[in-house]
Amino acid sequence: MTHIAVLGAGSWGTTFAKVLADGGSEVMVWARRQEIAREIRDTNRNSDYLPGINLPKNLGATTDMAQVLQGAHQVYLAVPSQHLRANLRDASAHIAPDALVVSLMKGVEAGTGLRMSEVIAEEGIETSRIAVVSGPNLALEIAREQPTAAVASSDNAEVASAVASAATNPYFKTFINTDVVGTEFGGVLKNLIAVAVGIADGVGYGENTKASIITRGLAEISAFAAAFGAKPQTMSGLAGLGDLIATCESPLSRNNTAGRLLGQGHSFTDVVATMNQTAEGLSAVKPVLDLAASKGIAMPIVTQVGQVLDGSRDPRELAPHFATDSDTPEGE
């Protein structure tokens, strides 16, 4: 039985650990907090993040990172994106030299603008051993075993296949591709559009406004991803359109929730303090806009989300500008 390590015991880390365990692997989760590790280990529950969900018996947890990583053939990373580098430095000495390292995160590093796979590579993991997983994956729905799909991407097709095999079970199917750039940026950028949709929802705008944001948002993120070498078909697949729809439309989405609170008039500081979990889209706005500027890409939706975050734009002024900021014909 394959031993797999998952670093991060939040909703997504725990859910994906369940996916892997239900796929037949022996899984150990590293939790930062002792009480979470103890609850998972003693009661097969993580009530802070997945209330009402029973976890498999072949899923354990501890706060001892060395113990989690010992003998692991695959290591899945589900920590907040801004803490990835520090966590990797703690973990690197314990990761086997032939282990696959898989990012479950959807963010870019502040200050560097690096995608998560690039941070992993900078911390000494060979690119040929790195994979990323993305898709329309709302944690609680998956934990409830509602059927869904994801995509595993790696420059090495054999690595993507190995990850997909481990991360497939009767309710969760993982497909593969080799477009790491598109898969990662799809996951990052849809969070920003989900914040915008949430803002519109919080303000009280209806379905027309939100559909317009989603549609123009897809065009915006597709142009951005293509400028960095992503394949167009990736943005119309699970890691692009699929993830965008799920994240923008569901109240289970952390980024949608954060946007809704902003639209209701809460400050950025209040939103961060209120939320129990990390909304990656909030920390990704500035580095994404910096990357866009480096390529001369206009991102009016993301720009205006940034203005709401820094307080220079009233949320009520945000959505009506989406249709008027560009004279570019639809579809171009």
Residues of region 90-144 being assigned to a loop (DSSP other than H, G, I, E, B) and farther than 26 Å from Val285 by Cα, in sequence order, are Ile95, Ala96, Pro97, Asp98, Ala99, Gly124, Ile125, Glu126, Arg144
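Residue-by-condition table, conditions (1) under 29 Å from Gly237 (Cα atoms); (2) touching an Asp or Glu at 6+ places or on another chain (Cβ under 8 Å):
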residue: Ala66; (1), (2): no, no
residue: Leu114; (1), (2): yes, yes
residue: Ala121; (1), (2): yes, no
residue: Ser134; (1), (2): yes, yes
Between Ala196, Ala223, which is of a type in the set (Gly, Ala, Ser) and surrounded by fewer than 24 Cβ atoms within 10 Å (Cβ to Cβ)?
Ala223
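Has region 285-296 got at least one residue that is modelled with pLDDT of 85 or more and under 21 Å from Lys210 (Cα atoms)?
Our first condition is that a residue be modelled with pLDDT of 85 or more; within region 285-296, this holds for 285-296.
Add one more test, that the residue is under 21 Å from Lys210 (Cα atoms), and what stays is 285.
Yes - at least one qualifying residue is present in region 285-296.
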Odd one out for Leu77, checked against (1) at pLDDT below 95; (2) in contact with a helix residue (DSSP H, G or I) (Cβ under 8 Å, 6 or more places away or on another chain); (3) within 14 Å of Val27 (Cα to Cα):
(1)
Please specify each residue of region 224-273 satisfying the condition of being in a helix (DSSP H, G or I), more than 13 Å from the chain's Cα centre (by Cα) and basic (Lys, Arg).
Arg260
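Give the number of residues within region 157-177 that are crowded, with 18+ Cβ neighbours inside 10 Å and touching a helix residue (DSSP H, G or I) at 6+ places or on another chain (Cβ under 7 Å).
Kept after step one, since they are crowded, with 18+ Cβ neighbours inside 10 Å, are these residues of region 157-177: 159-160, 162-164, 166-168, 172, 174, 176-177.
Next, from what is left, pick out any that are touching a helix residue (DSSP H, G or I) at 6+ places or on another chain (Cβ under 7 Å): 159, 166-167, 172, 174, 176-177.
Residues meeting the conditions: 7.
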Just checking, which of Ser103, Ser92 is exposed (fewer than 15 other Cβ atoms within 10 Å of the Cβ), of a type in the set (Gly, Ala, Ser) and either farther than 18 Å from Ala166 by Cα or not assigned by TED's automatic domain parsing to the domain that holds Lys190 (or both)?
Ser92
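Quick one: in region 77-101, of everything that is among the polar types (S, T, N, Q) and in contact with a Ser or Thr (Cβ under 9 Å, 6 or more places away or on another chain), which residue is nearest to Asn156 (Cα to Cα)?
Here is the first cut: in region 77-101, the residues among the polar types (S, T, N, Q) are 81-82, 87, 92.
Imposing the further condition that a residue be in contact with a Ser or Thr (Cβ under 9 Å, 6 or more places away or on another chain) reduces the set to 81-82.
Details: Ser81: 23, Gln82: 26 Å.
Among those that are among the polar types (S, T, N, Q) and in contact with a Ser or Thr (Cβ under 9 Å, 6 or more places away or on another chain), it is Ser81.
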Confirm whether Ser253 is closer than 22 Å to Val6 by Cβ and out of contact with any Gly (no Cβ under 6 Å at 6 or more places or on another chain).
yes
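The values are calculated or read from the model by the stated rules, or taken from the named source; none is laboratory data. All values derive from a computational prediction rather than experimental measurement. FYI the Cβ positions are ideal-geometry reconstructions off the backbone, even for glycines, and counts take in every protein chain you see.
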